[in-house]
Amino acid sequence: MFQSKVPGVQVLGKVFGQQSEILSPEALSFVAKLHRLFNPTRKQLLQAREERYRAIQAGASLDFLAETEHIRNDLTWRAARPAPGLIDRRVEITGPVDRKMVINALNSGARTFMADFEDSSSPTWFNLIDGQINMRDAVRRTITFANAEGKEYKLRQDGKLATLLVRPRGWHMEEGHVLVDGERCSASIFDFGLYFFHNARATVAAGFGPYFYLPKMESYLEARLWNDIFNVAQDELAIPRGTIRGTVLIETILAAFQMDEIIYELRDHSSGLNCGRWDYIFSVIKKFRHDPRFILPDRSAVTMSSHFMDSYVRLLIKTCHLRGVHAMGGMAAQIPIKNDAKANQAAIDKVRADKRREVLAGHDGTWVAHPALVTIALEEFDKNMPSANQFHVRREEVVVNAADLLNTNVAGGKITEAGVRDNIS
């Protein structure tokens, strides 16, 4: 077993080679301090999630919060100005933290790359710690890779690398391979803490900064917790407050009612909101699974033109631009279909139409999951967004109320056997 040499900290996973450099005593002490300070609050907030869900089951309605009405109604406050490397985010590529994919994503021509310790990475212990090695080498521009056939991958030398952002795991996750005082470490704090400790200063020296995507939040108090962690982490390493930036994925129905408040809590560290649309749909299904009024039709019928999805998008864009931050569009999950030209063209056409819809709606950027889609997304945003972003597109005409966000009626939508089979497939 790896000996951590940090009082109260146990590492239960096997550690190989350079992984011991990531799990240095100094880094583990930093993570342990953050965990000890903030894990009690994290657990309280998770308990609050459960209580809120039980209330919804019992018939409580969802609405904008009365206690934070003053924040929503104050039209004067703004979040931080966009940080270096985050002014123009017209196309962001996302993917797991394995070495080859990190290199390809940084080289892809996208403006930014979200290195993902969350949904797109299998959270094995080896993957997570190896991913931290890859982040360290990517920040320092030393990352290379050679596959079994001897093909070599390295970073492009023309200076057009994507700006790196990192997505840690969500608040509900724990890292079972690391115990702090006998308690499983918060996975969010673990992922964030290791990356920040090893790379914060190096990212600033490289011309950008320690930038993050924050997933799965359900309340503004969860954003406040991230902000508190950011402040302590920066203070611990003598890095100016406000150096960190975090983009929040609005991918739960509860968070959709608290967008202003989430930006407000993170305002010195905020770099906007993102329409995490697939998880958002799942959140609606999950939160209202007891209520037959919210049963959705086949997945293919739940498009972005559905009333509840369109309302969520329009409110997000209006909110972000009022507060001076990016309103990021959703994921194009398609990947090239190599052996079927007709099916491939159909997929490409869907991506193009989706990105055109986003830019015309007022989004400042969008997500793709594959390097081959970067050019398509860029073409649509370059054609329709000549400026670095669209903060000037205010969407002041937009009025979205609770009923709009909860109107899951889909015109013509049906539940079919083919739809169920497609989901399973």
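Structure above, values below:
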{"quantity": "All positions within the range 209-223 that are open to solvent by 10 Å² or more (accessible area, probe 1.4 Å) and either more than 17 Å from C275 (Cβ to Cβ) or acidic (D, E) (or both)", "calculated": "E218, S219, Y220, L221"}
{"quantity": "Verdict on D382 being in a helix (DSSP H, G or I) and in contact with an Asp or Glu (Cβ under 9 Å, 6 or more places away or on another chain)", "calculated": "no"}
{"quantity": "Selection within the range 4-16 - touching a strand residue (DSSP E or B) at 6+ places or on another chain (Cβ under 8 Å) and either of a type outside the set (S, T, Y) or open to solvent by 50 Å² or more (accessible area, probe 1.4 Å) (or both)", "calculated": "G8, V9, Q10, V11, L12, G13"}
{"quantity": "Enumeration of residues in the range 224-242 that are farther than 24 Å from R52 by Cα and surrounded by fewer than 21 Cβ atoms within 10 Å (Cβ to Cβ)", "calculated": "N231, V232, Q234, D235, E236, L237, A238, I239, P240, R241, G242"}
{"quantity": "Positions within the range 388-417 being over 24 Å from the mean Cα position of the chain (by Cα), open to solvent by less than 70 Å² (accessible area, probe 1.4 Å) and over 16 Å from L315 (Cβ atoms), in sequence order", "calculated": "V410, G413, T416"}
{"quantity": "Hey, A377 assigned to a loop (DSSP other than H, G, I, E, B), open to solvent by less than 50 Å² (accessible area, probe 1.4 Å) and touching a residue at least 40 places away in the same chain (Cβ under 8 Å) or not", "calculated": "no"}
{"quantity": "Whichever residue in the range 2-16 is small (G, A, S) and touching a residue at least 40 places away in the same chain (Cβ under 8 Å) and, among such residues, is nearest to G131 (Cα to Cα)", "calculated": "G13"}
{"quantity": "Any helices (runs of 4 or more DSSP H) falling wholly within the range 247-339 and containing at least 3 residues that are of a type in the set (V, I, T) and either open to solvent by 10 Å² or more (accessible area, probe 1.4 Å) or modelled with pLDDT under 95 (or both)", "calculated": "none"}
{"quantity": "Among (1) at pLDDT below 95; (2) closer than 25 Å to I87 by Cα; (3) in a loop (DSSP other than H, G, I, E, B); (4) hydrophobic (A, V, I, L, M, F, W, C) - the single one A411 does not satisfy", "calculated": "(2)"}
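The values are calculated or read from the model by the stated rules, or taken from the named source; none is laboratory data. Not measured: the values here are computed from a predicted model. Reconstructed Cβ throughout: ideal geometry from the backbone, glycine too, with neighbour counts over all protein chains shown. Quick note on the areas: whole protein, heavy atoms, side chains included, nothing else; ligands and nucleic acids left out. Shrake-Rupley method; radii C 1.70, N 1.55, O 1.52, S 1.80 Å.
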